[in-house]
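Reading through the structure tokens given below for one structure.
The values are calculated or read from the model by the stated rules, or taken from the named source; none is laboratory data. Everything numeric in this text was worked out from a predicted model, so none of it was measured. Here the Cβ is made from the backbone with ideal geometry for all residues, glycine too, and neighbour counts use every protein chain on show. Quick note on the areas: whole protein, heavy atoms, side chains included, nothing else; ligands and nucleic acids left out. Shrake-Rupley method; radii C 1.70, N 1.55, O 1.52, S 1.80 Å.
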Amino acid sequence: MTAPPRRPRVLLSVATSVDGYIDTAGPERLLLSGEEDFDRVDAERAGCDAILVGAGTLRRDDPRLLVRSAERRAARLAAGRPEHPAKVVLTTTGDLDPTARFFTTGPAERLVYCPGRAVPGVAVRLGDAATVVDAGDPPDPARVLADLAARGVRRLMVEGGGAMHTLFLTAGLVDEIQLVVAPFFVGDPAAPRFVGPGAFPHGPDHRMTPVETRLVGDCVLIRWLTHTGDHDRASDSPP
């Protein structure tokens, strides 16, 4: 019998401006791409077992993290899979709103990873809305991935924001990056960027491998494979 992978295959999905910003500093969410790319991301979500965001993204964007297409949801059910991937949030403080759409929309499993010291309080605050899991203090992305693998997650999609991108990339725990570049600039140093400062494993002497470049609407999609991290993981193919 084949042992389960020690961690899921990790796909990092992000859209940025030409100058690397993922939003503005203002209160309104910046839409970097259009319907064609939204549908592409929906297809990627449908091929994953779980979708992870950081608490900042949860508070700022109030995402539902559900598969939009009825046909894709039906295909998941026909394959014996849940209608939607599990929804995962990683938080360092546990300051989460139980009325957020992450917790109140859709039948998906909900997992909250936070420092052990915060687990009891977060569990009380969220009640039956989510399962709260000790992620270490500070939260350890490798520990999160190991727990997800034990729960049957073979393919994980990390959707943001910049703190999560930086955390998983600097830890060498990303297998594929899907970067969509929008044809405009933001130019505001106060706005959030794709990643923050960090010791990234992929520098000039350790390049990633580009495997696809194509237009998606008026944006450009670039896919890179990193060939980094734990090799005992799920297959490169979606389940």
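Quick notes
- Relative frequency of Cα-Cα separations exceeding 26 Å in the chain, percent: 37 percent
- Look at the Cα gyration tensor of region 157-234: its axes a ≥ b ≥ c give a/c of at least 1.5 with a/b at or below b/c, and that counts as oblate.
- Using a Förster distance of 45 Å, the FRET efficiency for D97-T209 (Cβ separation, nearest 0.05): 0.65
- Shape call, region 16-132: gyration tensor on alpha carbons, a/c limit 1.5: oblate
- The Kirkwood radius of region 168-207, taken over pairs of alpha-carbon atoms, gives through the Stokes-Einstein law at 4 °C and 1.567 mPa s a diffusion coefficient of 104 µm² s⁻¹.
- Peptides 171-183, 77-89, 211-223 ordered by packing proxy, namely the average of other Cβ atoms within 10 Å per residue, highest first: 171-183, 77-89, 211-223.
- Sorted on the mean count of surrounding Cβ atoms within 10 Å across their residues, most packed first, peptides 192-198, 42-48, 121-127 read 42-48, 192-198, 121-127.
- Point-to-point label distance, E83-F38, nm (Cα→Cβ direction, 7 Å offset): 2.0 nm
- Over the chain: helical MRE at 222 nm, DSSP H runs n ≥ 4 each giving -39500 (n - 2.57), nearest 500: -7000 deg cm²/dmol
- Mean-position separation - Cα centroids, region 7-24 and region 143-194, in angstrom: 6 Å
- Cα-Cα pairs of region 186-226 separated by more than 12 Å (percent): 74 percent
- Extension gain (nm, one decimal) between A129 and A70, 0.36 nm per residue minus Cα-Cα: 18.8 nm
- Cα gyration tensor category, rounded, prolate or oblate, for region 78-187 with a/c compared to 1.5: rounded
- The accessible-area ordering, largest first, of the residues R60, R7 stands as R60, R7, per a 1.4 angstrom probe.
- A Förster radius of 45 Å, combined with the Cβ-Cβ distance separating R117 from V220, puts the computed FRET efficiency at roughly 0.55.
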